[in-house]
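Taking it in order: structure first as C-alpha coordinates, then the write-up.
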Amino acid sequence: MKKSIAKSLDEIKFVSFKELLLPDNDKIRKLKSIYGMEVEYLDFLGPLEFFIANYGITNTKLKDKDVVLALRRLRDNLDKEISFFRDELEYNLIMTLNVSLQIQRKITKHELMLVIKYILWAINNRNWIGDSRAYINWIANFFHLLDGDNKKKFDQLYENLGKEYSFSKDKIKTLKGENLDYEPPPSEIILDKMGSENFDENKNEFWSPGAYAQTVSPADEDFEEKMKYFAGDIDEKKENNCKKCKTPIGKHNLHWHEGMCDDCFFKEYKM
(Lines give C-alpha, C1' and ligand atoms only; values in the text may rest on other atoms or scores of the structure.)
Protein backbone atom coordinates (compact mmCIF):
# COMPACT_ATOMS: atom_id res chain seq x y z
CA MET A 1 0.00 0.00 0.00
CA LYS A 2 1.44 3.39 -0.98
CA LYS A 3 2.40 5.71 1.87
CA SER A 4 0.23 8.63 0.76
CA ILE A 5 -2.99 6.61 0.85
CA ALA A 6 -5.20 7.40 3.82
CA LYS A 7 -5.14 4.83 6.61
CA SER A 8 -8.86 4.13 6.18
CA LEU A 9 -8.17 2.86 2.65
CA ASP A 10 -5.71 0.31 4.06
CA GLU A 11 -8.53 -1.28 5.99
CA ILE A 12 -10.78 -1.87 2.99
CA LYS A 13 -9.93 -4.23 0.15
CA PHE A 14 -10.60 -3.36 -3.46
CA VAL A 15 -13.83 -4.83 -4.86
CA SER A 16 -14.46 -5.11 -8.59
CA PHE A 17 -16.62 -2.24 -9.82
CA LYS A 18 -18.92 -4.63 -11.64
CA GLU A 19 -19.89 -5.99 -8.22
CA LEU A 20 -20.51 -2.54 -6.77
CA LEU A 21 -22.39 -0.71 -9.52
CA LEU A 22 -26.12 -0.99 -10.10
CA PRO A 23 -27.45 -1.67 -13.61
CA ASP A 24 -28.33 1.39 -15.67
CA ASN A 25 -31.86 2.07 -16.84
CA ASP A 26 -33.46 4.36 -19.42
CA LYS A 27 -34.22 7.08 -16.87
CA ILE A 28 -30.63 7.22 -15.63
CA ARG A 29 -29.17 7.10 -19.13
CA LYS A 30 -31.07 10.29 -20.01
CA LEU A 31 -29.04 12.25 -17.45
CA LYS A 32 -26.39 14.39 -19.13
CA SER A 33 -24.97 16.02 -16.02
CA ILE A 34 -25.31 16.04 -12.24
CA TYR A 35 -25.23 19.85 -12.21
CA GLY A 36 -27.86 20.99 -9.70
CA MET A 37 -27.79 17.54 -8.07
CA GLU A 38 -24.43 17.89 -6.35
CA VAL A 39 -25.89 17.24 -2.89
CA GLU A 40 -27.45 14.01 -4.12
CA TYR A 41 -24.03 12.78 -5.27
CA LEU A 42 -22.01 14.31 -2.44
CA ASP A 43 -21.03 10.86 -1.12
CA PHE A 44 -18.94 10.43 -4.27
CA LEU A 45 -18.04 13.99 -5.26
CA GLY A 46 -16.92 14.94 -1.76
CA PRO A 47 -14.30 12.22 -1.19
CA LEU A 48 -12.85 12.64 -4.69
CA GLU A 49 -12.64 16.42 -4.43
CA PHE A 50 -11.19 16.30 -0.91
CA PHE A 51 -8.58 13.76 -1.97
CA ILE A 52 -7.54 15.88 -4.97
CA ALA A 53 -7.25 18.93 -2.71
CA ASN A 54 -5.24 17.12 -0.05
CA TYR A 55 -3.01 15.30 -2.54
CA GLY A 56 -2.43 18.49 -4.50
CA ILE A 57 -1.30 20.41 -1.43
CA THR A 58 1.17 17.65 -0.54
CA ASN A 59 2.44 17.27 -4.10
CA THR A 60 3.26 20.82 -5.14
CA LYS A 61 4.39 19.84 -8.65
CA LEU A 62 0.99 18.33 -9.47
CA LYS A 63 -0.91 20.27 -12.13
CA ASP A 64 -4.56 20.31 -13.15
CA LYS A 65 -3.70 18.50 -16.38
CA ASP A 66 -2.24 15.62 -14.35
CA VAL A 67 -5.53 15.24 -12.50
CA VAL A 68 -7.44 15.33 -15.80
CA LEU A 69 -5.29 12.58 -17.30
CA ALA A 70 -5.64 10.43 -14.17
CA LEU A 71 -9.43 10.84 -14.06
CA ARG A 72 -9.74 9.97 -17.75
CA ARG A 73 -7.63 6.85 -17.26
CA LEU A 74 -9.73 5.86 -14.27
CA ARG A 75 -12.95 6.48 -16.21
CA ASP A 76 -11.78 4.41 -19.18
CA ASN A 77 -10.54 1.44 -17.15
CA LEU A 78 -13.15 0.73 -14.50
CA ASP A 79 -13.24 -2.87 -15.65
CA LYS A 80 -9.61 -3.38 -14.61
CA GLU A 81 -8.34 -4.80 -11.34
CA ILE A 82 -6.53 -2.60 -8.83
CA SER A 83 -3.12 -3.91 -9.95
CA PHE A 84 -3.64 -2.08 -13.26
CA PHE A 85 -3.34 1.31 -11.55
CA ARG A 86 0.36 1.61 -10.73
CA ASP A 87 0.56 5.39 -10.76
CA GLU A 88 0.16 6.76 -7.22
CA LEU A 89 -2.43 9.40 -8.15
CA GLU A 90 -4.51 6.97 -10.19
CA TYR A 91 -4.30 4.34 -7.44
CA ASN A 92 -5.52 6.76 -4.81
CA LEU A 93 -8.36 8.05 -6.98
CA ILE A 94 -9.61 4.58 -7.89
CA MET A 95 -9.46 3.44 -4.26
CA THR A 96 -11.28 6.56 -3.08
CA LEU A 97 -14.12 5.84 -5.49
CA ASN A 98 -14.12 2.13 -4.70
CA VAL A 99 -14.32 2.70 -0.96
CA SER A 100 -17.10 5.27 -1.40
CA LEU A 101 -19.15 2.71 -3.31
CA GLN A 102 -18.54 0.10 -0.63
CA ILE A 103 -19.59 2.20 2.35
CA GLN A 104 -22.17 4.54 0.79
CA ARG A 105 -25.29 3.97 -1.28
CA LYS A 106 -24.98 2.27 -4.66
CA ILE A 107 -25.19 4.09 -8.00
CA THR A 108 -25.02 2.99 -11.64
CA LYS A 109 -22.02 3.14 -13.96
CA HIS A 110 -23.58 6.02 -15.91
CA GLU A 111 -24.02 8.01 -12.70
CA LEU A 112 -20.41 7.31 -11.75
CA MET A 113 -19.28 8.50 -15.18
CA LEU A 114 -21.24 11.72 -14.63
CA VAL A 115 -19.52 12.25 -11.26
CA ILE A 116 -16.13 12.01 -12.97
CA LYS A 117 -17.33 14.19 -15.85
CA TYR A 118 -18.50 16.83 -13.36
CA ILE A 119 -15.03 17.14 -11.85
CA LEU A 120 -13.43 17.26 -15.31
CA TRP A 121 -15.87 20.05 -16.21
CA ALA A 122 -15.05 21.92 -12.98
CA ILE A 123 -11.33 21.71 -13.77
CA ASN A 124 -11.94 22.91 -17.32
CA ASN A 125 -14.02 25.82 -16.03
CA ARG A 126 -10.92 27.31 -14.39
CA ASN A 127 -8.67 27.20 -17.45
CA TRP A 128 -9.27 30.88 -18.16
CA ILE A 129 -7.51 31.85 -14.94
CA GLY A 130 -4.16 31.02 -16.50
CA ASP A 131 -2.77 29.04 -13.55
CA SER A 132 -1.64 25.43 -14.11
CA ARG A 133 -2.98 24.59 -10.62
CA ALA A 134 -6.13 26.72 -10.74
CA TYR A 135 -8.52 23.90 -9.82
CA ILE A 136 -6.21 22.23 -7.30
CA ASN A 137 -5.71 25.47 -5.38
CA TRP A 138 -9.39 26.40 -5.67
CA ILE A 139 -10.64 23.09 -4.27
CA ALA A 140 -7.95 23.19 -1.56
CA ASN A 141 -9.12 26.67 -0.58
CA PHE A 142 -12.73 25.44 -0.54
CA PHE A 143 -11.76 22.77 2.01
CA HIS A 144 -9.72 25.34 4.01
CA LEU A 145 -6.46 23.52 3.30
CA LEU A 146 -4.55 26.56 2.04
CA ASP A 147 -2.53 28.44 4.62
CA GLY A 148 0.46 30.73 4.93
CA ASP A 149 2.10 31.77 1.67
CA ASN A 150 -0.12 29.45 -0.38
CA LYS A 151 -3.23 31.24 0.84
CA LYS A 152 -1.65 34.66 0.26
CA LYS A 153 -0.68 33.75 -3.31
CA PHE A 154 -4.16 32.37 -3.97
CA ASP A 155 -5.86 35.51 -2.66
CA GLN A 156 -3.50 37.76 -4.60
CA LEU A 157 -4.17 35.89 -7.85
CA TYR A 158 -7.91 36.50 -7.52
CA GLU A 159 -7.40 40.10 -6.44
CA ASN A 160 -5.38 40.64 -9.62
CA LEU A 161 -8.09 38.98 -11.71
CA GLY A 162 -10.65 41.23 -10.08
CA LYS A 163 -8.71 44.33 -11.07
CA GLU A 164 -8.05 43.05 -14.58
CA TYR A 165 -11.68 42.22 -15.32
CA SER A 166 -13.33 44.81 -13.03
CA PHE A 167 -14.99 42.16 -10.87
CA SER A 168 -16.79 43.25 -7.69
CA LYS A 169 -15.59 42.03 -4.28
CA ASP A 170 -18.57 39.67 -4.08
CA LYS A 171 -17.72 38.28 -7.52
CA ILE A 172 -14.11 37.67 -6.47
CA LYS A 173 -15.27 35.96 -3.29
CA THR A 174 -17.62 33.78 -5.33
CA LEU A 175 -14.87 32.81 -7.79
CA LYS A 176 -12.70 31.79 -4.84
CA GLY A 177 -15.46 29.51 -3.54
CA GLU A 178 -15.84 31.56 -0.36
CA ASN A 179 -19.25 33.13 -0.97
CA LEU A 180 -21.48 30.25 0.13
CA ASP A 181 -24.54 32.51 0.31
CA TYR A 182 -24.27 33.46 -3.36
CA GLU A 183 -27.42 32.73 -5.34
CA PRO A 184 -26.70 32.82 -9.08
CA PRO A 185 -29.31 34.41 -11.35
CA PRO A 186 -31.48 32.03 -13.44
CA SER A 187 -29.55 32.85 -16.62
CA GLU A 188 -26.26 31.84 -14.99
CA ILE A 189 -27.77 28.59 -13.72
CA ILE A 190 -29.06 27.77 -17.20
CA LEU A 191 -25.70 28.54 -18.79
CA ASP A 192 -23.81 26.41 -16.27
CA LYS A 193 -26.26 23.53 -16.63
CA MET A 194 -26.00 23.59 -20.40
CA GLY A 195 -22.24 23.97 -20.21
CA SER A 196 -21.91 20.93 -17.95
CA GLU A 197 -24.18 18.88 -20.20
CA ASN A 198 -22.40 19.84 -23.42
CA PHE A 199 -18.91 19.60 -22.01
CA ASP A 200 -16.70 17.30 -24.06
CA GLU A 201 -14.52 15.63 -21.44
CA ASN A 202 -12.04 14.41 -24.06
CA LYS A 203 -11.20 17.86 -25.44
CA ASN A 204 -8.42 20.08 -24.12
CA GLU A 205 -10.08 23.46 -24.51
CA PHE A 206 -12.19 25.96 -22.60
CA TRP A 207 -15.53 24.86 -24.04
CA SER A 208 -16.22 22.39 -26.83
CA PRO A 209 -17.25 23.48 -30.32
CA GLY A 210 -20.98 23.10 -30.73
CA ALA A 211 -21.70 23.84 -27.08
CA TYR A 212 -24.25 26.48 -26.02
CA ALA A 213 -21.88 29.42 -26.34
CA GLN A 214 -19.05 30.46 -28.59
CA THR A 215 -15.84 28.66 -27.74
CA VAL A 216 -13.44 30.93 -25.89
CA SER A 217 -9.80 30.39 -25.04
CA PRO A 218 -7.20 32.48 -23.21
CA ALA A 219 -5.34 32.41 -26.53
CA ASP A 220 -8.13 34.35 -28.28
CA GLU A 221 -7.06 37.89 -29.12
CA ASP A 222 -10.34 39.20 -27.69
CA PHE A 223 -10.32 36.95 -24.60
CA GLU A 224 -9.91 39.82 -22.12
CA GLU A 225 -12.70 41.78 -23.80
CA LYS A 226 -15.08 38.81 -23.54
CA MET A 227 -14.25 38.13 -19.89
CA LYS A 228 -15.14 41.71 -18.93
CA TYR A 229 -18.75 40.90 -19.78
CA PHE A 230 -18.88 37.32 -18.47
CA ALA A 231 -21.05 38.15 -15.44
CA GLY A 232 -23.43 40.49 -17.22
CA ASP A 233 -24.74 43.81 -15.93
CA ILE A 234 -28.37 44.97 -15.96
CA ASP A 235 -27.14 48.55 -16.49
CA GLU A 236 -24.97 47.60 -19.45
CA LYS A 237 -25.39 49.72 -22.57
CA LYS A 238 -27.23 47.89 -25.34
CA GLU A 239 -25.29 48.95 -28.40
CA ASN A 240 -25.78 45.77 -30.46
CA ASN A 241 -28.80 43.96 -31.88
CA CYS A 242 -29.99 40.38 -31.46
CA LYS A 243 -29.13 38.45 -34.62
CA LYS A 244 -32.57 36.81 -34.52
CA CYS A 245 -35.09 39.52 -33.65
CA LYS A 246 -32.95 42.69 -33.72
CA THR A 247 -33.77 43.56 -30.09
CA PRO A 248 -31.00 45.72 -28.57
CA ILE A 249 -28.49 43.65 -26.56
CA GLY A 250 -25.36 44.34 -24.54
CA LYS A 251 -21.92 42.81 -24.88
CA HIS A 252 -22.69 40.01 -22.41
CA ASN A 253 -25.27 38.64 -24.82
CA LEU A 254 -23.04 39.38 -27.79
CA HIS A 255 -20.18 37.28 -26.44
CA TRP A 256 -21.93 34.74 -24.22
CA HIS A 257 -25.40 34.26 -25.74
CA GLU A 258 -24.12 33.87 -29.29
CA GLY A 259 -25.33 37.35 -30.25
CA MET A 260 -28.93 36.71 -29.18
CA CYS A 261 -31.23 38.34 -26.64
CA ASP A 262 -32.26 36.22 -23.66
CA ASP A 263 -35.62 35.26 -25.18
CA CYS A 264 -34.13 34.11 -28.49
CA PHE A 265 -31.23 32.36 -26.78
CA PHE A 266 -33.48 30.35 -24.46
CA LYS A 267 -35.86 29.60 -27.33
CA GLU A 268 -32.94 28.44 -29.49
CA TYR A 269 -31.91 25.93 -26.84
CA LYS A 270 -35.47 25.04 -25.79
CA MET A 271 -35.06 26.37 -22.25
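The values are calculated or read from the model by the stated rules, or taken from the named source; none is laboratory data. Keep in mind it's a predicted model, so treat the numbers as computed, not measured. Cβ: placed from backbone, ideal geometry, glycine included. Neighbour counts: every protein chain shown.
Just checking, how many residues over the stretch 103-133 are in a loop (DSSP other than H, G, I, E, B) and touching a strand residue (DSSP E or B) at 6+ places or on another chain (Cβ under 9 Å)? Residues flagged as in a loop (DSSP other than H, G, I, E, B) and touching a strand residue (DSSP E or B) at 6+ places or on another chain (Cβ under 9 Å) within the stretch 103-133 amount to 2.
Could you check the stretch 172-271 for helices (runs of 4 or more DSSP H) lying wholly inside it with 2 or more residues that are modelled with pLDDT of 65 or more, surrounded by 15 or more Cβ atoms within 10 Å (Cβ to Cβ) and hydrophobic (A, V, I, L, M, F, W, C)? Please lay out each step first, then the result.
Working: elements: 186-198, 223-228, 251-256, 262-268.
Once the helices (runs of 4 or more DSSP H) in the stretch 172-271 are filtered for at least 2 residues that are modelled with pLDDT of 65 or more, surrounded by 15 or more Cβ atoms within 10 Å (Cβ to Cβ) and hydrophobic (A, V, I, L, M, F, W, C), what remains is 186-198, 251-256, 262-268.
For the stretch 115-137, which residues satisfy the criterion of being among the aromatic types (Phe, Trp, Tyr) and over 11 Å from Ile52 (Cα atoms)?
Pass one, the stretch 115-137, residues among the aromatic types (Phe, Trp, Tyr): 118, 121, 128, 135.
If the condition is that a residue be among the aromatic types (Phe, Trp, Tyr) and over 11 Å from Ile52 (Cα atoms), then Tyr118, Trp121, Trp128 are the ones that fit.
Of all the residues in the stretch 142-155, those that are more than 17 Å from Asn59 (Cβ to Cβ) and part of a loop (DSSP other than H, G, I, E, B) number 1. Please indicate, with yes or no, whether at least one residue in the stretch 65-82 is surrounded by 16 or more Cβ atoms within 10 Å (Cβ to Cβ), over 20 Å from the mean Cα position of the chain (by Cα) and either among the acidic types (Asp, Glu) or farther than 23 Å from Leu146 by Cα (or both). Yes, there is a match, as at least one residue in the stretch 65-82 is surrounded by 16 or more Cβ atoms within 10 Å (Cβ to Cβ), over 20 Å from the mean Cα position of the chain (by Cα) and either among the acidic types (Asp, Glu) or farther than 23 Å from Leu146 by Cα (or both). Condition check for Asp181 on (1) more than 28 Å from Ala70 (Cβ to Cβ); (2) under 14 Å from the mean Cα position of the chain (by Cα); (3) charged (D, E, K, R): one failure, at (2).
Remark: pairs (first residue in the stretch 256-267, closer than 13 Å to Asn241 by Cβ and assigned by TED's automatic domain parsing to the domain that holds Lys244; second residue small (Gly, Ala, Ser) and assigned to a helix (DSSP H, G or I); Cβ separation under 9 Å; 6+ apart in sequence or on different chains) = His257/Ser187.
When Phe14, Phe50 are checked against the criterion of being out of contact with any Lys or Arg (no Cβ under 8 Å at 6 or more places or on another chain), of a type in the set (Phe, Trp, Tyr) and assigned to a loop (DSSP other than H, G, I, E, B), a single residue qualifies: Phe14. Contact map, the stretch 146-170: first residue free of Cβ contacts under 8 Å to residues at least 40 places away in the same chain, second residue among the polar types (S, T, N, Q), Cβ cut-off under 6 Å, separation 6 or more or different chains; pairs are Phe154/Asn137; Phe154/Asn141. Of the listed requirements (1) of a type outside the set (Phe, Trp, Tyr); (2) under 30 Å from Leu21 (Cβ atoms); (3) in a helix (DSSP H, G or I), Glu164 misses just one: (2). Confirm whether Ile139 is in a helix (DSSP H, G or I), aliphatic (A, V, I, L, M), touching a residue at least 24 places away in the same chain (Cβ under 8 Å) and under 22 Å from Gly162 (Cβ atoms). Yes: the conditions hold for Ile139. Exactly one residue out of Ile123, Ile107, Ile94, Ile129 is buried (at least 20 other Cβ atoms within 10 Å of the Cβ), among the β-branched types (Val, Ile, Thr) and closer than 30 Å to Leu157 by Cβ, and it is Ile123. Taken together, the criteria place Tyr41 among residues that are aromatic (Phe, Trp, Tyr) and under 16 Å from Leu114 (Cβ atoms).
Just one residue in the set Leu45, Leu22 is at pLDDT 95 or above, of a type outside the set (Phe, Trp, Tyr), in the same structural domain as Tyr135 (by TED's automatic domain parsing) and surrounded by fewer than 17 Cβ atoms within 10 Å (Cβ to Cβ); that residue is Leu22.
Could we say that Lys61 is outside the structural domain of Glu201 (by TED's automatic domain parsing) and either loosely packed, with under 13 Cβ neighbours inside 10 Å or assigned to a helix (DSSP H, G or I) (or both) here? So Lys61 passes the test.
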